[in-house]
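Encoded as structure tokens, the structure appears first; notes follow it.
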Amino acid sequence: MYYLSFDVANKSLAVSLIYFNSNYKDNLHSNDIASTNDLIELNKKINNCINYIYYNVEDLIPGKKVKDTSILERSSSLKTYMNKIKIIVNNLKEEKNIDKIYLLIEYQLSSNYNANAIYNQIIYEFSNDIYEIIVMNPSYKNKIYFHNDLKHSSFIQKYNNNYVANKNHTKANFLYFIKHFNLEYVIKGIKSKNIDDLADSFLQIFGFIQFIQK
């Protein structure tokens, strides 16, 4: 299945678009390793379980802070970027003959006016037949870990601030995953301060797969 996930922000908007074969375990179990060629084929299947198609942290207001901009300026920039995303997805749709994409977006409280505005605008932009829009609870990301040492509880114990703990948890798991799936190229163009934003958009996908889509 295809997943388009947003980490909502007024400035550093993170986006992950991936294909993930949720039946990968069945496909791997079907392999009998009797030769070097069998091992090569198994390795190919593992590498093809996931395709990180598009990844980015877009600065919607370059050189500015949110407080120095207006909702009109931010909305105009967001619209331009959403059009770019839709072109990428439409090209992929035609190439792969896709009839459904899960769009994942974290719920933003109405009390957080700026983030809530971006949240609602993204939902509006992608409200059509190909997208199944899923509003995600942020807690799902906290449940994901790719190694026992990377459980959320370990980060809660390490950091006094829950926000910092959450960000470091997703970042650590993200970096672990891309290293083991040879996806290091994903972060080459991402500023170090924004890797945790991209990580949030990425782990949100696996929170959905593991706890909602299953």
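The values are calculated or read from the model by the stated rules, or taken from the named source; none is laboratory data. If you're wondering where the values come from, they're calculated on a predicted model, not measured in any experiment. Here the Cβ is made from the backbone with ideal geometry for all residues, glycine too, and neighbour counts use every protein chain on show. Remember, those area values only see protein heavy atoms, side chains included, never the ligands or the DNA or RNA. Shrake-Rupley method; radii C 1.70, N 1.55, O 1.52, S 1.80 Å.
Starting from region 65-76, keep only residues that are more than 9 Å from Asn10 (Cα to Cα), then list their pairs with residues that are part of a loop (DSSP other than H, G, I, E, B) and open to solvent by less than 70 Å² (accessible area, probe 1.4 Å) whose Cβ atoms are within a distance under 6 Å, requiring at least 6 positions of separation or different chains.
Thr69/Ile61
From the list Leu17, Leu28, exactly one residue is surrounded by 12 or more Cβ atoms within 10 Å (Cβ to Cβ), at pLDDT below 50 and in contact with a helix residue (DSSP H, G or I) (Cβ under 8 Å, 6 or more places away or on another chain). Which is it?
Leu28
Can you name every residue in region 85-114 that is surrounded by 13 or more Cβ atoms within 10 Å (Cβ to Cβ) and farther than 17 Å from Ala9 by Cα?
Lys86, Ile88, Val89, Leu92, Lys93, Ile98, Ile101, Tyr102 - these are the residues of region 85-114 that are surrounded by 13 or more Cβ atoms within 10 Å (Cβ to Cβ) and farther than 17 Å from Ala9 by Cα.
What single numbered condition from (1) surrounded by 17 or more Cβ atoms within 10 Å (Cβ to Cβ); (2) at pLDDT 95 or above fails to hold for Ile178?
So Ile178 meets the others, but not (2).
Return the only residue of Lys93, Lys84 being in a helix (DSSP H, G or I) and either within 27 Å of Asn137 (Cα to Cα) or at pLDDT below 95 (or both).
Checking each option against the conditions leaves just Lys84.
Out of region 141-159, which residues are under 21 Å from the mean Cα position of the chain (by Cα) and of a type outside the set (Ser, Thr, Tyr)?
Scanning region 141-159 gives Lys141, Asn142, Lys143, Ile144, Phe146, His147, Leu150, Lys151, His152, Phe155.
Which one is surrounded by the most Cβ atoms within 10 Å (Cβ to Cβ) among residues in region 118-154 that are acidic (Asp, Glu) and in a helix (DSSP H, G or I)?
Glu125
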